[in-house]
């Protein structure tokens, strides 16, 4: 198969993913994030001034005005380029973090690098590059990781883990064997923090401990309860058989609330990023109280970015305000105190 036909297949897959996420219901049918089982204890007398509550947090040496990550979504197509630029411009304005979608397309087809390039409009944000961990068994190594970081001028590198997506994808890569020593090499040599990220099924205590032992700096739990990528692949399935197999895993995974606690228990020294089905600032605040440092959202930001930069900015503003009001209502003055706040289990 030629490079151009490979490129076309990759671009078509990327476009499929954007279109399906925007147009189809790809949420988990029954499994939830688990966050609905937790609530803050309301304090009628917080002894705080709402305006003085400090929502800022420092991650990998960069200060964010609010503990918000625009989670990794896309890249590799003309449509993705505009989405990424809308996201990045708003992230710069509001001083929050942003992750890029998988950069495999641009590593293999350098003409696609501009679809991930956002530093010209977002020089100050915490920006995360992104490569699939499974690619270490398909020819990738430290060189490809460096290229991902350098093309984006990123502050850290995400290695994403998407076993179930690869398993139900007709063109998926299913060999996840012996990845740990390869991940360890990258952690030692890449020169920026490495983040292990799921894509919607969560990390167990075992997986978090193994990753911590080989040197990752952070884990993005990306738990179950939001977008189900087996449902996304169901909509791409080339045959009825593929579709039935993909759909059977629609409710597989570890809910986000549980995964945060598994990771915190297994690797208390690591930065924990909460994502997977988070829909507002109250969800993010709950996740921080459960042990995360920041919270990421993808689906809501994708819909806003498909509209405009101002729509993304407005969503960031609303989310940050929800976090601030949650802290106010729970008598919490700053993020460090929020991380020590006990939630009610209901």
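Within the stretch 260-270, is there a residue that is part of a loop (DSSP other than H, G, I, E, B) and either crowded, with 18+ Cβ neighbours inside 10 Å or under 15 Å from the mean Cα position of the chain (by Cα) (or both)? Yes.
When each of 235, 242 is tested for being over 17 Å from the mean Cα position of the chain (by Cα), at pLDDT below 95, in a helix (DSSP H, G or I) and closer than 20 Å to residue 30 by Cβ, the lone residue that passes is 235. The number of residues in the stretch 105-126 that are touching a strand residue (DSSP E or B) at 6+ places or on another chain (Cβ under 6 Å) and closer than 13 Å to residue 72 by Cα comes to 1. Considering the stretch 1-39, and only residues there that are at pLDDT below 75 and under 17 Å from the mean Cα position of the chain (by Cα), the residue that is farthest from residue 171 (Cα to Cα) turns out to be 21. Listed by first and then second residue, the pairs with beta-carbon distance under 8 Å, at least 6 apart or on different chains, first residue in the stretch 306-319 and more than 14 Å from residue 70 (Cβ to Cβ), second surrounded by fewer than 16 Cβ atoms within 10 Å (Cβ to Cβ) and modelled with pLDDT of 95 or more, form an empty list. List the pairs whose first member sits in the stretch 140-156 and is over 10 Å from residue 128 (Cα atoms), whose second member is in a loop (DSSP other than H, G, I, E, B) and at pLDDT 95 or above, and whose Cβ atoms are under 6 Å apart, counting only residues at least 6 apart or on separate chains? From the stretch 140-156, the pairs are 145/190. Only one entry in 208, 257, 222 is in contact with a strand residue (DSSP E or B) (Cβ under 9 Å, 6 or more places away or on another chain), at pLDDT 95 or above, part of a loop (DSSP other than H, G, I, E, B) and more than 20 Å from residue 142 (Cβ to Cβ), namely 222.
Listed here are the residues, each with its yes/no results for (1) out of contact with any helix residue (DSSP H, G or I) (no Cβ under 7 Å at 6 or more places or on another chain); (2) in contact (Cβ under 8 Å) with a residue 24 or more places away in the chain; (3) at positive phi; (4) in a helix (DSSP H, G or I).
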residue	(1), (2), (3), (4)
42	no, yes, no, no
47	yes, yes, yes, no
58	yes, no, no, no
66	no, yes, no, no
131	no, yes, no, no
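Scanning the stretch 142-174 for residues that are within 21 Å of residue 75 (Cβ to Cβ), over 19 Å from the mean Cα position of the chain (by Cα) and assigned to a loop (DSSP other than H, G, I, E, B) turns up 169, 171, 172, 173.
Taking the stretch 271-335 as the region of interest, the helices (runs of 4 or more DSSP H) fully inside it that hold 1 or more residues being crowded, with 18+ Cβ neighbours inside 10 Å and over 19 Å from the mean Cα position of the chain (by Cα) are 309-329. Residues of the stretch 79-93 being touching a strand residue (DSSP E or B) at 6+ places or on another chain (Cβ under 8 Å) and either without any contact (Cβ under 8 Å) to a residue 40 or more places away in the chain or surrounded by fewer than 24 Cβ atoms within 10 Å (Cβ to Cβ) (or both), which ones? The one that is touching a strand residue (DSSP E or B) at 6+ places or on another chain (Cβ under 8 Å) and either without any contact (Cβ under 8 Å) to a residue 40 or more places away in the chain or surrounded by fewer than 24 Cβ atoms within 10 Å (Cβ to Cβ) (or both): 88. Between 192, 186, 118, the distinction of being more than 16 Å from the chain's Cα centre (by Cα), crowded, with 16+ Cβ neighbours inside 10 Å and in a helix (DSSP H, G or I) belongs to 186 only.
When you check residue 177 against the structure, is it modelled with pLDDT of 95 or more, part of a helix (DSSP H, G or I), farther than 30 Å from residue 19 by Cα and over 20 Å from the mean Cα position of the chain (by Cα), yes or no? Taking the combined requirement at face value, the residue does not satisfy it.
The values are calculated or read from the model by the stated rules, or taken from the named source; none is laboratory data. As the structure is a computational prediction, the values presented were derived from the model and not from experiment. Note that each Cβ is placed from the backbone with ideal geometry, even for glycine, and that neighbours are counted across all protein chains shown.
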